Amino acid sequence: MKAGLSRRDFLMGSGALVVSFSMTPILDPWALAQGPFDTHRSHIDPEKLDSWIAIGSDGAVTGRTGKCDFGQGMYTAQTQLIAEELCVSLDRVRLVQCDTSITPDQGTTSGSQSTPTNFNNHGLAQAAATAREALINLAAQRMAVSPKVLTAAGGFVNAADGRSVSYGQLVSGKNLNLAVDPNAKRKAAANWSVLGKPVPSLDIRDLVTARFDFVHNVHLAGMLHGRMVRPPEIGAKVLSIDEKSVRRVGGIIKVVLRQNLVGVVAEKQMQAVQAAAQLKVVWSSGSDLPPQGDFYQHIRKQPSQDTLIVDSQDVDQKFSRAATVLKSTYAYPYQAHGSVGASCAVADVRGDKATLWSATQSVYPTRQIVAAVLGLQLENVRVIYMRGSGCYGLNGADTVSLDAAFLSHAVQRPVRIQLSREDEMAWGENYGAASVIDQRAALDRQGEIIAWECEPWAVSLGGRPGYDTPGNVISGALAGYEPHRITPRKASAPTGSLKNGSNAVPSYAAGSVGGTCYGTGTIRSERVLTHAVRSPFFTGPLRSPLRLQNTFAHECFMDELAAHAKADPVAYRLRHLREPRLMDVVKAVAKAAQWEVRPSPKANWDRKSTALGRGLACVAYEGDNGYVATVAEVEVDASSGRVRATRFVIAQDCGPISNPAGMRNQIEGGVLQGMSRCLGEEITWDARKITSTDWTSYHSLDLAIEVPEIECVLINRTDVLATGAGETAITVVAAAIGNAIFDATGTRLRQVPFTEERVKTAISNHSG
Amino acid sequence: MTAVSLKVNGAVHAVAVAPETPLLYVLTDELHLRGPKFGCGLAQCGACTVLIDGGPVRSCITPVSAVKSAEIITLDGLGTPEKPHPIQQAFIDEQAAQCGFCLSGVILTAKSFLDRNPRASDDEIRSALAGLLCRCFAHARMFKAIQRYAKMVRS
Ligand code: FES
Ligand code: FES
């Protein structure tokens, strides 16, 4: 992990198993909004082996992990990891995920940090390696031989002389009573037989036959149903409530009010729905929202928290002497997680105890938040993860968890809260942030880049609640807790090392701080100044947060520069890169896509027929957390403005691959989600409220689309640490599509989404 | 509350609910079925899909009183983990899911369409899948799984 300082390093400092999460010195509000993802001390001590691994008297292995599976394949991959390190078959492993009574505190499952946290030399991997060595040592004692002559296989420890003893006999269901050994040896990737193999998803059979329990399927004895009543406008406050207005609905247990958080609890779900619709609440009027039409202008004028990420201090001078200066501005909208299922949670708060069944990706932080908002002792609160609808960030799961806790607390009975679709989309989730990004580059006479300056503005409000900020999600804020806010501040000179966790620094810049180049590129004259601006809406870490927005701007702008220099976009990129892993994925994707070497745009489009083009984009995710390049091929119909991607080729290097089948699934999903976000997705609002509240007003690609061909080139490097793989591919999709549209038509699109209207207008303006 | 009798996955169930209650709430809250799910409540996503007399119906907007004596099949009743229905097996073979929340809509809609239109072209299959959402975007594998099932019904 040489290049740059990733989110992980930034928050936890590398190497240490247990590091406390400190609120004060964090500079990047986006890093804060991600929540902590490292391993923390709790009542389940992560330094003790028994916290992670248990061996049953039958020799079956139970693993306990603080990283959960919400569809990204972590369940299968972590089961493989344990099976591999303990030398047992997959069916001998049982994995318990994220339950504050059972599993260690690993903060939040997010930020492409589960693989780095649990598959390198700490966390679950290190515990599993320790357990294997411990079993071998126990066998050595029992057989009175050196552990060196023993090997573990199939749940037995075998000696060279033919003797063998089973794990069950060695441990006989007792605790191992050892510390996790930081020096325990992981099995070398070359010897893996389960890890690194394309193991099919272990839960798919239960999923397709509907035997899998989602949080939506939790039923408790005496459980009630609740629905929330959200404000009609953003910023509206409760003036009065007429509880009598729901008297005619049967089965009503209670109308619950906590500051501006309003909900109803009833015997049956239908009654809760009816009561929520009929409850008369007088609300104050909301606050005026900045008009959507000039939102990107608006955010530039707001007070901002500024950070200079790199500044070589010679940029202005280079620009004044450049042969050519090119400038562009890119814009990216608010987007929704828009999970298919509206979020749900079940809480059982009685007396001084609370249990919460939740799809939160942060069970321990949520436990602390629930204890705080309900005034309970931490040890009396248990949060149990159960899968919700696939999320990839911060959908309504955390908000609805607090809703359920508040309502169950009010009635002292178990309550299930199901958000409505509108609640989910307007009052449930934390949106992916809008951003506007100015780019400026200086070229010499040969068209080579001699200076690059980038200035992104990105909005932010709230984020993951972490351990102490319930107001970071909507229900917490409605109940009266403050969200984390941007503090306007001028930037000071960058110090320490490069902080490129949001990919604000383009891959082609040297990323130099204090005289050391941490970046992946060659351009030494560089200046990147970021502005974090207070958002009118709650924001959160939607898959590839800001990394996607910034990469869209960098990779399209790089394409503009290459076009200006009349250079082939691949060759031009390679000339300005120096990180071999990034260069390798670029070369690999060009080869696999049979990239035609020539500048863009393609010559001789007749402006009438369907235009065909190809575009490339690449990134070192977060500077060093995965390397990816993609080639997109598109068809553009100029008369309708319709863009169809026909093929994607992706080359990806995330270090040693835990499960190539799972990785392919993640890449395919990431590419298509990226395509949907690029072509149609945008949150909309009017003067006082969100107007994209369902699937007719928020545009997702459905199952009827003609799916592009997707080809993956997986580069498996076993000599480096494992990085995340869930957010890499999506990061480059919008840029690759934009570059392909330019290649096809000569028209550059600088604002996502590339709606038909926008594409059509851009192409016809371009011709005029 | 009215007593309603429903034929679900081959068994008859008597439940006491308000007649306007959406079928979905009866299936999930009263019968504790896991297949149909609340996605939108607006007939816009398909997560709540069940088969009624073989045809796909969005149970989130279907009042339970409208079902009468019709035969309801949910994803739970299509096959078992030990003996999945061929279309479920096709989804397993193609590894066509991520979170799996959307599967009732995708599997039941495709099954019903192909059972009734075994010779459907890929384009016709696509049209039949309109208005179904998968926000994990497992589209590519799902379509392959459906094509695999299409081959089976044809032969
Ligand atoms: S839940 Fe019925 S269609 Fe979405
Ligand atoms: S698999 Fe998650 S919504 Fe389809």
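The values are calculated or read from the model by the stated rules, or taken from the named source; none is laboratory data. This structure is a prediction, so every number in the text was calculated from the model and none was measured. All Cβ positions, even for glycine, are placed from backbone atoms using ideal geometry, and neighbour counts span all protein chains on display.
Name the single residue that is farthest from ligand 2 (Cβ to nearest atom) among those in the range A:428-441 being surrounded by 24 or more Cβ atoms within 10 Å (Cβ to Cβ) and away from chain B (no Cβ under 14 Å).
Ranking the candidates gives A:441 first.
Name the single residue, out of those in the range A:693-725 being within 16 Å of ligand 1 (Cβ to nearest atom) and among the polar types (S, T, N, Q), that is surrounded by the fewest Cβ atoms within 10 Å (Cβ to Cβ).
A:696
Suppose the filter is part of a loop (DSSP other than H, G, I, E, B) and closer than 17 Å to residue A:451 by Cβ; does residue A:507 pass it?
Considered against the rule, which asks whether it is part of a loop (DSSP other than H, G, I, E, B) and closer than 17 Å to residue A:451 by Cβ, residue A:507 comes out as yes.
Filter the range A:204-252 down to the residues that are facing chain B (nearest Cβ under 10 Å), on the phi > 0 side of the Ramachandran plot and under 39 Å from the mean Cα position of the chain (by Cα) and list them by number.
A:210 - this is the single residue of the range A:204-252 that is facing chain B (nearest Cβ under 10 Å), on the phi > 0 side of the Ramachandran plot and under 39 Å from the mean Cα position of the chain (by Cα).
Closer than 24 Å to residue A:197 by Cα, away from chain B (no Cβ under 14 Å) and surrounded by 24 or more Cβ atoms within 10 Å (Cβ to Cβ), is that true of residue A:620?
no
Against the condition more than 9 Å from chain A (Cβ to nearest Cβ) and closer than 26 Å to residue A:387 by Cα, how does residue B:94 come out, does it pass?
Yes.
Can you pull out the residues in the range B:31-55 that are buried (at least 23 other Cβ atoms within 10 Å of the Cβ) and within 16 Å of ligand 2 (Cβ to nearest atom)?
Once the filter is applied, which keeps residues that are buried (at least 23 other Cβ atoms within 10 Å of the Cβ) and within 16 Å of ligand 2 (Cβ to nearest atom), the range B:31-55 yields B:35, B:36, B:37, B:38, B:39, B:40, B:45, B:46, B:47, B:48, B:49.
With (1) buried (at least 16 other Cβ atoms within 10 Å of the Cβ); (2) over 30 Å from residue A:499 (Cα atoms) as the list, and residue A:395 as the residue in question, which single condition is left unmet?
(2)
Scan A:77, A:60 and give me the residue that is buried (at least 22 other Cβ atoms within 10 Å of the Cβ), at negative phi, touching a helix residue (DSSP H, G or I) at 6+ places or on another chain (Cβ under 7 Å) and not assigned by TED's automatic domain parsing to the domain that holds residue A:387.
Going through A:77, A:60 in turn, just one is buried (at least 22 other Cβ atoms within 10 Å of the Cβ), at negative phi, touching a helix residue (DSSP H, G or I) at 6+ places or on another chain (Cβ under 7 Å) and not assigned by TED's automatic domain parsing to the domain that holds residue A:387: A:77.
Take the residues in the range B:10-30 that are of a type in the set (A, V, I, L, M, F, W, C) and surrounded by 17 or more Cβ atoms within 10 Å (Cβ to Cβ); name whichever of them is farthest from ligand 2 (Cβ to nearest atom).
B:18
Could you look through the range B:23-35, keep only residues that are farther than 12 Å from residue B:57 by Cα and not in a loop (DSSP other than H, G, I, E, B), and pick out the one that is farthest from the other protein chains (Cβ to nearest Cβ)?
B:27
Residues checked against (1) within 30 Å of residue A:67 (Cα to Cα); (2) of a type in the set (S, T, N, Q); (3) touching a residue at least 60 places away in the same chain (Cβ under 8 Å):
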residue: A:124; (1), (2), (3): yes, no, yes
residue: A:127; (1), (2), (3): yes, no, yes
residue: A:131; (1), (2), (3): yes, no, yes
residue: A:135; (1), (2), (3): yes, no, yes
residue: A:139; (1), (2), (3): no, no, no
residue: A:146; (1), (2), (3): no, yes, no
residue: A:149; (1), (2), (3): no, no, no
residue: A:157; (1), (2), (3): yes, no, no
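For the condition within 16 Å of ligand 2 (Cβ to nearest atom), touching a residue at least 60 places away in the same chain (Cβ under 8 Å) and farther than 17 Å from residue A:211 by Cβ, what is the one hit in B:110, B:70, B:90?
Going through B:110, B:70, B:90 in turn, the sole match is B:90.
Would you confirm, using the coordinates I've provided, whether residue A:695 is aromatic (Phe, Trp, Tyr) and within 14 Å of chain B (Cβ to nearest Cβ)?
Considered against the rule, which asks whether it is aromatic (Phe, Trp, Tyr) and within 14 Å of chain B (Cβ to nearest Cβ), residue A:695 comes out as yes.
Within the range A:581-637, which residues are outside any strand (DSSP E or B), among the acidic types (Asp, Glu) and without any contact (Cβ under 8 Å) to a residue 60 or more places away in the chain?
Of everything in the range A:581-637, those that are outside any strand (DSSP E or B), among the acidic types (Asp, Glu) and without any contact (Cβ under 8 Å) to a residue 60 or more places away in the chain turn out to be A:596, A:606.
Do we have any residue at all in the range A:483-492 that's without any contact (Cβ under 8 Å) to a residue 60 or more places away in the chain and not in a loop (DSSP other than H, G, I, E, B)?
The answer is no, given that none of the residues of the range A:483-492 is without any contact (Cβ under 8 Å) to a residue 60 or more places away in the chain and not in a loop (DSSP other than H, G, I, E, B).
Go through the range A:332-352 and report how many residues are within 15 Å of ligand 1 (Cβ to nearest atom) and over 15 Å from residue A:693 (Cβ atoms).
The total comes to 3.
Working carefully through the options A:584, A:606, A:559, A:568, find the one that is among the charged types (D, E, K, R) and at pLDDT below 95.
A:606
Between a first residue in the range B:119-144 that is closer than 19 Å to residue B:37 by Cβ and within 7 Å of chain A (Cβ to nearest Cβ) and a second residue that is at pLDDT below 95 and in a loop (DSSP other than H, G, I, E, B), which pairs have beta carbons less than 7 Å apart while being 6 or more apart in sequence or on different chains?
Close Cβ pairs satisfying both conditions: B:135/A:390; B:136/A:71; B:136/A:390.
Do you know which of the residues in the range A:327-342 that are more than 14 Å from ligand 2 (Cβ to nearest atom) and in contact with a helix residue (DSSP H, G or I) (Cβ under 6 Å, 6 or more places away or on another chain) is nearest to residue B:39 (Cα to Cα)?
Across the range A:327-342, the extreme among qualifying residues is A:335.
Which of the residues belonging to the range A:286-311 are surrounded by 18 or more Cβ atoms within 10 Å (Cβ to Cβ) and part of a loop (DSSP other than H, G, I, E, B)?
A:289
Does residue A:459 satisfy the condition of being among the β-branched types (Val, Ile, Thr) and over 24 Å from residue A:222 (Cβ atoms)?
When the stated conditions are applied, residue A:459 passes them.
Look through the range A:357-416, keep the residues that are more than 14 Å from every other protein chain (Cβ to nearest Cβ) and in a strand (DSSP E or B), and return whichever of them is nearest to residue A:546 (Cα to Cα).
So, considering only residues that are more than 14 Å from every other protein chain (Cβ to nearest Cβ) and in a strand (DSSP E or B), the one nearest to residue A:546 (Cα to Cα) is A:358.
Name the residue, out of A:110, A:172, that is at pLDDT below 95, in contact with a Ser or Thr (Cβ under 8 Å, 6 or more places away or on another chain) and farther than 30 Å from residue A:542 by Cβ.
Of A:110, A:172, the one residue that is at pLDDT below 95, in contact with a Ser or Thr (Cβ under 8 Å, 6 or more places away or on another chain) and farther than 30 Å from residue A:542 by Cβ is A:172.
Need the failing condition index for residue A:721 against (1) within 21 Å of the chain's Cα centre (by Cα); (2) within 27 Å of residue A:396 (Cα to Cα), just the number.
Exception for residue A:721: condition (2).
Of the residues B:58, B:154, B:116, which single one is more than 9 Å from every other protein chain (Cβ to nearest Cβ), surrounded by 23 or more Cβ atoms within 10 Å (Cβ to Cβ) and farther than 18 Å from residue A:204 by Cβ?
B:58 is the lone residue from the list that is more than 9 Å from every other protein chain (Cβ to nearest Cβ), surrounded by 23 or more Cβ atoms within 10 Å (Cβ to Cβ) and farther than 18 Å from residue A:204 by Cβ.
Report, by residue number, each residue of the range A:375-393 that is at pLDDT 95 or above and touching a strand residue (DSSP E or B) at 6+ places or on another chain (Cβ under 8 Å).
Once the filter is applied, which keeps residues that are at pLDDT 95 or above and touching a strand residue (DSSP E or B) at 6+ places or on another chain (Cβ under 8 Å), the range A:375-393 yields A:376, A:380, A:381, A:382, A:383, A:384, A:385, A:386, A:388.
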